[in-house]
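What follows is a single structure, written as structure tokens, with notes after it.
A short reminder: the numbers here are calculations on the coordinates, not readings from a lab. Keep in mind that this is a model prediction, so the values were computed, not measured. Glycine gets a Cβ as well: all are built from the backbone with ideal geometry, and neighbour counts include every protein chain shown.
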């Protein structure tokens, strides 16, 4: 079980941040919408595994792929980070959900 607590979410993203979600219904969320959603989820717990891969990195930019594996589905985030005067901030997040095939044998 993984437990999390969110603090200072306003400082995590750039002012022009947006989030694209590819799921059953594609959606784009503004920075304010994402901050409000995160503030509603101040803390929580769930069973999942996380894998992070740096796709590309320079002194000023990082592109990362984060895969979160739940029992029934995987969530894949492609995240762009920028170095803002020594502070790394998220400038773009693209989320995709993959439903896992569950086989039931009787």
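Residues 77, 71, arranged from fewest to most other Cβ atoms within 10 angstrom of their Cβ, appear as 71, 77.
How long is the gain from residue 55 to residue 25 if the chain were fully straight, where each residue apart is worth 0.36 nm and the alpha carbon distance is subtracted? Provide the component values of the computation, followed by the final result.
Working: separation 30, 0.36 × 30 = 10.80 nm, distance 2.66 nm.
Contour length minus the Cα-Cα distance gives 8.1 nm.
Per-residue Cβ neighbour counts within 10 Å put 13, 93 in the sequence 93, 13, beginning with the fewest. Computed over region 2-99, the convex hull of the alpha-carbon atoms projects to a mean area of 6.6 nm².
Work out how much length residue 63 to residue 85 would gain on full extension: take 0.36 nm times their residue separation and subtract the Cα-Cα distance, in nm to one decimal. Don't skip to the end; give the middle numbers.
Values: separation 22, 0.36 × 22 = 7.92 nm, distance 1.79 nm.
So the extension gain works out to 6.1 nm.
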